[in-house]
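Below is one structure, written out as structure tokens; comments come after it.
The values are calculated or read from the model by the stated rules, or taken from the named source; none is laboratory data. Just so we're clear, the structure is a prediction, and the values are computed from it rather than from any experiment. Using ideal geometry, Cβ is built from the backbone for each residue, glycine included, and neighbour counts are taken over all protein chains shown.
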Amino acid sequence: MSKTAASLRNCFFCGKHINSGTGVMLAKNDGSIQWTCSNKCKKNLRLLKRDPRKLKWTKKYVKGGLKVTK
Ligand SMILES: [Zn+2]
């Protein structure tokens, strides 16, 4: 295992890069694994079930809010 491969991880919620050795791993019931950079992201993802595109502090934020197409 190379060091670079281990550090290529981005937060599932906010999209920010997670340094190796940090981050919170979430194992889902279906066996897939999600990484979040902090407990803040973990909470938003799991407990609050927020959409990262609506939160300004995430990289996934869409400027001006989500456009709903009808
Ligand atoms: Zn995050």
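What's the total number of residues in the range 56-70 that are among the hydrophobic types (A, V, I, L, M, F, W, C) and modelled with pLDDT of 95 or more?
Of the residues in the range 56-70, the ones among the hydrophobic types (A, V, I, L, M, F, W, C) are 57, 62, 66, 68.
This time we only want the ones that are modelled with pLDDT of 95 or more, so: 57.
Of the residues in the range 56-70, 1 are among the hydrophobic types (A, V, I, L, M, F, W, C) and modelled with pLDDT of 95 or more.
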Exercise for review: Show the residue pairs that are 6+ apart or on different chains and have beta-carbon atoms under 8 Å apart, the first residue being within the range 11-26 and over 18 Å from Tyr61 (Cβ atoms), the second being surrounded by fewer than 20 Cβ atoms within 10 Å (Cβ to Cβ) and β-branched (Val, Ile, Thr).
Suggested key: Met25/Ile33; Leu26/Ile33
**Study point:** Hits in the range 27-64 - residues which are touching a residue at least 40 places away in the same chain (Cβ under 8 Å) and near the ligand (Cβ under 8 Å from one of its atoms)
**Key:** Thr58
